[in-house]
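Report on the structure given below.
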Amino acid sequence: MDLSTITKYLQSLSLPAFRRRQIVKNYFSGHFTNFTQMTDLPLELRTTLDQNFPLLSVKEINLLSTTNSQKALLKLKDGQKIETVLLDYHDWLSVCASTQVGCPLGCKFCATGKMGFIRNLTSEEIVDQIIFWNNYLINRHCEKSSTKQSPQGGYPYVGRVAFMGMGEPFLNWDNLILALNTIRSRDGLNLGNRKISISTAGIVPRIYEFADLNTEINLALSLHSAIQSTREILMPIAQKYSLPDLLTALHYYTHKTSRQLFLEFAPIADINDAQKEIDALIKLLKSDKLFFLNLIPLNPVKGGLVPSTKLKLIEKQLTAAHIDYSLRHSLGQSINSACGQLATFS
Ligand code: SAH
Ligand code: SF4
């Protein structure tokens with residue numbers, strides 16, 4: 001729901017201010033998929049609103065499930081499609097949100113990159129992916145407990161958001177910032193900064209800008225090689241922002257925020273898994289005590305690159321070099337909802 005449009009509309013109807021507050025609260029609660037369901041509003045107003053505004057800017061057209069992940073194909077108002085994923089980590093529910101339709105950066109290992117760039121998402125479309133999943137969770141919960149009221153009054157809800165879906169968040173800066181404000185706002189989705197993560201391919205000027213915001217939002221960088229020539233092959237954006245410039249920006253970020261920075265590395269057979277690659281990676285990781293490695297097993301992408309068979313060897317060398325790292329479990333591979341597998345070929 002576009003808050004400024006609805007606000008103007010309600011003003012044009014000369015409705016009291018509390019009506020707007022009611023509507024906004026209902027919208028963010030995740031309990032409603034249309035205005036008619038909001039029985040705390042006069043029927044006439046509900047009907048008019050439903051005739052003029054879809055409550056959500058995204059519409060489900062397909063949903064695929066495994067035990068711990070769900071992927072939704074969503075249609076936007078102009079007919080474009082995006083994907084968004086709900087991941088169940090047992091202790092919390094996390095959404096992998098998209099920021100663009102497609103992506104202009106064309107990384108060789110990424111399904112979204114193969115689609116090319118279509119357009120940026122609006123802030124409304126970014127936020128509505130989370131509200132879509134809260135709707136989904138509440139409906140599923142109610143169906144299971146066969147009652148409209150949860151016994152404890154507690155419903156499952158999205159507790160974390162990672163901007164690791166389709167697109168490069170830092171190339172949709174203005175809408176990303178607007179969406180973050182809504183996601184973090186008490187009157188919005190009220191998620192804490194530490195529950196939000198942004199992953200970037202390395203848009204250097206935006207890393208500085210993001211550092212200067214000095215929030216507690218987590219930042220991750222898709223590194224995938226600590227050698228400039230390899231990185232240029234895998235991630236064409238590296239031709240524009242070289243590794244030395246990128247590293248200066250990353251050191252600025254850790255210095256400014258005193259926060260860990262997550263470096264993502266997916267070992268790919270014969271591309272970034274040679275000994276000199278591992279050595280360069282270890283050297284880079286040692287250059288800043290706030291760098292933390294997320295080792296990601298490469299998710300297969302059609303016609304794409306092959307996962308390295310040297311994962312165990314790499315882990316052994318990291319341990320020997322006293323490097324702290326985590327091996328990211330990949331949920332949802334079987335429904336192509338893992339990282340880098342989001343693409344909407346229609
Ligand atoms: N554009 C941003 C965020 C979206 S990509 C970025 O590149 O960081 C989300 C994550 O998926 C990134 O960490 C990226 O490195 C990772 N990724 C892309 N393709 C992948 C693949 N085939 N296997 C594993 N991770 C992949
Ligand atoms: Fe775009 Fe990220 Fe995929 Fe690269 S990895 S093509 S930046 S979505």
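The values are calculated or read from the model by the stated rules, or taken from the named source; none is laboratory data. It should be emphasised that the depicted structure is a prediction, and the values quoted were computed from it without experimental measurement. Because the Cβ atoms are built from the backbone with ideal geometry, glycine has one as well, and the counts that use them run over all protein chains shown. Note: accessible area is taken over every heavy atom of the protein model, side chains too, but ligands, DNA and RNA are not part of it. Shrake-Rupley method; radii C 1.70, N 1.55, O 1.52, S 1.80 Å.
Is there a residue in the range 292-311 that is part of a helix (DSSP H, G or I) and more than 15 Å from ligand 2 (Cβ to nearest atom)? Checking the range 292-311: at least one residue is part of a helix (DSSP H, G or I) and more than 15 Å from ligand 2 (Cβ to nearest atom). Within the option set THR36, THR66, being away from ligand 2 (no atom under 16 Å from the Cβ), open to solvent by 10 Å² or more (accessible area, probe 1.4 Å), outside the structural domain of THR230 (by TED's automatic domain parsing) and more than 30 Å from LYS240 (Cα to Cα) holds for one residue only, THR36. Within the range 265-291, the set of residues being closer than 19 Å to SER199 by Cβ and either without any contact (Cβ under 8 Å) to a residue 60 or more places away in the chain or within 16 Å of ligand 2 (Cβ to nearest atom) (or both) comprises PHE265, ALA266, PRO267, ILE268, ASN272, LEU281, LEU285, ASP288, LEU290, PHE291. From the list LEU298, LEU290, LEU318, the one residue that fits, being open to solvent by less than 70 Å² (accessible area, probe 1.4 Å), among the aliphatic types (A, V, I, L, M), assigned by TED's automatic domain parsing to the domain that holds HIS224 and within 14 Å of ligand 1 (Cβ to nearest atom), is LEU298. Applying the criterion of being of a type in the set (D, E, K, R) and at pLDDT 95 or above to the residues of the range 110-156, the residue that is nearest to ligand 2 (Cβ to nearest atom) is ARG119. The residues listed here are PHE117, PHE170; of these, the one that is buried (at least 20 other Cβ atoms within 10 Å of the Cβ) and among the aromatic types (Phe, Trp, Tyr) is PHE170. Taken over the range 31-68, the criterion of being acidic (Asp, Glu) and free of Cβ contacts under 8 Å to residues at least 60 places away in the same chain is satisfied by ASP40, GLU44, ASP50. Got at least one residue in the range 277-287 being open to solvent by less than 40 Å² (accessible area, probe 1.4 Å) and closer than 21 Å to ILE203 by Cβ? Yes, the range 277-287 contains a residue that is open to solvent by less than 40 Å² (accessible area, probe 1.4 Å) and closer than 21 Å to ILE203 by Cβ. As a summary of the residue check, LEU189 satisfies the conditions (1) open to solvent by less than 20 Å² (accessible area, probe 1.4 Å); (2) within 22 Å of ILE82 (Cα to Cα); (3) part of a loop (DSSP other than H, G, I, E, B) except for the one numbered (1).
THR215 versus (1) closer than 30 Å to ASP2 by Cβ; (2) open to solvent by 40 Å² or more (accessible area, probe 1.4 Å); (3) free of Cβ contacts under 8 Å to residues at least 60 places away in the same chain: which is the lone unmet condition? With respect to (1) closer than 30 Å to ASP2 by Cβ; (2) open to solvent by 40 Å² or more (accessible area, probe 1.4 Å); (3) free of Cβ contacts under 8 Å to residues at least 60 places away in the same chain, THR215 is out only on (2). Within the set ILE131, ILE126, the sole residue that is buried (at least 21 other Cβ atoms within 10 Å of the Cβ), more than 30 Å from SER229 (Cα to Cα) and within 15 Å of ligand 1 (Cβ to nearest atom) turns out to be ILE126. Within the range 142-162, identify whether any single residue is under 22 Å from the mean Cα position of the chain (by Cα), under 16 Å from GLU264 (Cβ atoms), open to solvent by 10 Å² or more (accessible area, probe 1.4 Å) and within 10 Å of ligand 1 (Cβ to nearest atom), and answer yes or no. Yes, there is a match, as at least one residue in the range 142-162 is under 22 Å from the mean Cα position of the chain (by Cα), under 16 Å from GLU264 (Cβ atoms), open to solvent by 10 Å² or more (accessible area, probe 1.4 Å) and within 10 Å of ligand 1 (Cβ to nearest atom). Here SER346 clears all of (1) of a type outside the set (A, V, I, L, M, F, W, C); (2) modelled with pLDDT under 95; (3) within 16 Å of ligand 1 (Cβ to nearest atom) except the condition numbered (3).
For the range 53-80, a residue qualifies if it is charged (D, E, K, R) and more than 17 Å from ASN135 (Cα to Cα), and the qualifying residues are LYS77, ASP78.
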